[in-house]
């Protein structure tokens with residue numbers, strides 16, 4: 001078999017019946033198949049979200065498969081041994097290291113949105129009724145911001161004073177008293193605190 005050289009600027013090859021011309025200069029500039037280095041914008045197929053193989057990941061795959069660093073939204077159960085945060089950690093109620101305040105200066109009927117807060121009132125007292133809408137485990141702390149007694153009225157619910165077996169229709173929160181009420185079932189509340197009687 002004879003060997004030799006061909007001097008040419010380009011080659012033409014058949015691609016499914018069509019001639020394709022490639023310059024030798026473009027072939028020389030092509031990236032090697034092993035450990036290539038690319039420049040410019042490289043486009044690759046986007047794997048299906050959740051793909052756990054050795055395929056290359058496009059930016060579209062990363063965006064579809066992972067939560068963003070800023071304002072991520074998670075679903076399911078999150079497990080972590082230790083969570084360290086800087087700045088404010090908040091939920092729907094606000095900063096989780098503070099108890100949101102509900103300041104009142106007149107009679108206030110407690111509603112579902114009051115759960116998890118402390119209601120400080122100078123006059124008029126508070127009312128629990130069947131529209132309060134707390135669910136088991138939700139609670140509110142009441143603070144009498146005055147030197148006079150204020151009345152806690154129960155309309156249609158079952159309310160107990162801690163340590164007392166009888167249901168109460170009204171309770172008194174003494175001047176400067178503080179008491180927490182926790183819901184244990186639908187329309188059932190237990191209250192306890194300094195000055196509650």
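Take the stretch 57-67 and flag every residue that is surrounded by 11 or more Cβ atoms within 10 Å (Cβ to Cβ) and either closer than 15 Å to residue 42 by Cα or in contact with a strand residue (DSSP E or B) (Cβ under 6 Å, 6 or more places away or on another chain) (or both). Selection gives 57, 58, 60, 61.
Which one of 103, 131, 98 is touching a strand residue (DSSP E or B) at 6+ places or on another chain (Cβ under 9 Å), surrounded by 10 or more Cβ atoms within 10 Å (Cβ to Cβ) and part of a loop (DSSP other than H, G, I, E, B)? So the residue among 103, 131, 98 that is touching a strand residue (DSSP E or B) at 6+ places or on another chain (Cβ under 9 Å), surrounded by 10 or more Cβ atoms within 10 Å (Cβ to Cβ) and part of a loop (DSSP other than H, G, I, E, B) is 131. Looking at residue 52 and the list (1) at pLDDT 85 or above; (2) surrounded by 10 or more Cβ atoms within 10 Å (Cβ to Cβ); (3) out of contact with any strand residue (DSSP E or B) (no Cβ under 8 Å at 6 or more places or on another chain), which single condition is not satisfied? In the conditions (1) at pLDDT 85 or above; (2) surrounded by 10 or more Cβ atoms within 10 Å (Cβ to Cβ); (3) out of contact with any strand residue (DSSP E or B) (no Cβ under 8 Å at 6 or more places or on another chain), residue 52 misses (2) alone. Of the residues making up the stretch 120-138, those that are over 23 Å from the mean Cα position of the chain (by Cα) and either over 20 Å from residue 169 (Cβ atoms) or at pLDDT below 95 (or both) are 120, 122, 123.
Put simply, of 141, 153 the only residue that is within 33 Å of the chain's Cα centre (by Cα), in contact (Cβ under 8 Å) with a residue 12 or more places away in the chain and in a strand (DSSP E or B) is 141.
Sub-7 Å Cβ pairs linking a first residue in the stretch 99-118 that is farther than 15 Å from residue 144 by Cβ to a second residue that is in a strand (DSSP E or B) and modelled with pLDDT under 95, at least 6 apart or interchain, are 100/94, ordered by first then second residue.
Listed here are the residues, each with its yes/no results for (1) more than 28 Å from residue 136 (Cα to Cα); (2) modelled with pLDDT of 85 or more; (3) part of a strand (DSSP E or B).
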| residue | (1), (2), (3) |
| --- | --- |
| 2 | yes, no, no |
| 19 | yes, yes, yes |
| 38 | yes, no, no |
| 47 | yes, yes, no |
| 62 | yes, no, no |
| 67 | yes, no, no |
| 87 | yes, no, no |
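Among the residues of the stretch 30-60, write down those that are on the phi < 0 side of the Ramachandran plot and under 23 Å from the mean Cα position of the chain (by Cα). Correct list: 49 only.
The values are calculated or read from the model by the stated rules, or taken from the named source; none is laboratory data. Since this is a predicted model, take the numbers as computed values, not measurements. Methodologically, a virtual Cβ is constructed for each residue, glycine included, from the backbone with ideal geometry; neighbour enumeration extends over all protein chains shown.
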